[in-house]
């Protein structure tokens, strides 16, 4: 066994992804994954990050990591059609994950009407035709797409590996388990008891940080006026 295969086997052993999981299909809810390390003050070696640095997901490292234990990897992400950077990022995701396994759709704008207390702390609000103040929340949920794909591909995998801690997947997980499938989750932070019980193996995202994250410089705001 060469060095690279030894490294891959070490990662699988460390995460307890054993041969009993058989054929593994991974489904990456990237909108969820992309926020995993937003508030982290330390890197993967527990070293404090300087104020001008932050952690972000390295999409190539993420794909390579998922490939270690997956027979197939699918990625889902929402695009802002009015933002050129968003379109370019989706293009990068498509190149890394392959066009056939990258699923995207446009972000939805949802109006959240503000209470008096929220108006006092929220600057970026708009006013509708009735004079009511609101903010626009951008949302793009892939629960349906992931669920449909997981069911369509049911005969081709033994384990459903979900990169998300979204409680909305409890129903799907329980359905798949009744069909004889195993469930693995990678999650960041708290998850509900029902979601925890719906999985055979749960992996904390902090344990895979070194495999999927990179350090990025924060924008320099020193020249901006207050």
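Quick one: residue 203 ticks every box in (1) closer than 25 Å to residue 20 by Cβ; (2) in contact (Cβ under 8 Å) with a residue 60 or more places away in the chain; (3) surrounded by fewer than 14 Cβ atoms within 10 Å (Cβ to Cβ) except a single one, so which number is it? (3) is the only condition that residue 203 fails.
Just to be sure before I move on: is residue 15 in contact with a strand residue (DSSP E or B) (Cβ under 7 Å, 6 or more places away or on another chain), within 26 Å of residue 189 (Cβ to Cβ) and surrounded by fewer than 16 Cβ atoms within 10 Å (Cβ to Cβ) in the structure I sent? For residue 15, the condition - in contact with a strand residue (DSSP E or B) (Cβ under 7 Å, 6 or more places away or on another chain), within 26 Å of residue 189 (Cβ to Cβ) and surrounded by fewer than 16 Cβ atoms within 10 Å (Cβ to Cβ) - is not met.
The selection criterion, being crowded, with 16+ Cβ neighbours inside 10 Å and in contact with a helix residue (DSSP H, G or I) (Cβ under 6 Å, 6 or more places away or on another chain), does not hold for residue 89. Of the residues that sit in segment 139-163 and are at pLDDT below 95 and in a loop (DSSP other than H, G, I, E, B), which one is surrounded by the most Cβ atoms within 10 Å (Cβ to Cβ)? It comes out as 142. From (1) outside any helix (DSSP H, G or I); (2) touching a strand residue (DSSP E or B) at 6+ places or on another chain (Cβ under 9 Å); (3) within 25 Å of residue 190 (Cα to Cα), pick out the condition that doesn't hold for residue 46. Among (1) outside any helix (DSSP H, G or I); (2) touching a strand residue (DSSP E or B) at 6+ places or on another chain (Cβ under 9 Å); (3) within 25 Å of residue 190 (Cα to Cα), residue 46 violates only (2). Please go through segment 68-86 and give me each residue that is farther than 17 Å from residue 35 by Cα, touching a helix residue (DSSP H, G or I) at 6+ places or on another chain (Cβ under 9 Å) and modelled with pLDDT of 95 or more, ordered by number. Listed by number, the residues that qualify are 68, 69, 71, 72, 73, 74.
The values are calculated or read from the model by the stated rules, or taken from the named source; none is laboratory data. What you are looking at is a predicted structure, and each value in this text was computed from that prediction instead of being measured. All Cβ positions, even for glycine, are placed from backbone atoms using ideal geometry, and neighbour counts span all protein chains on display.
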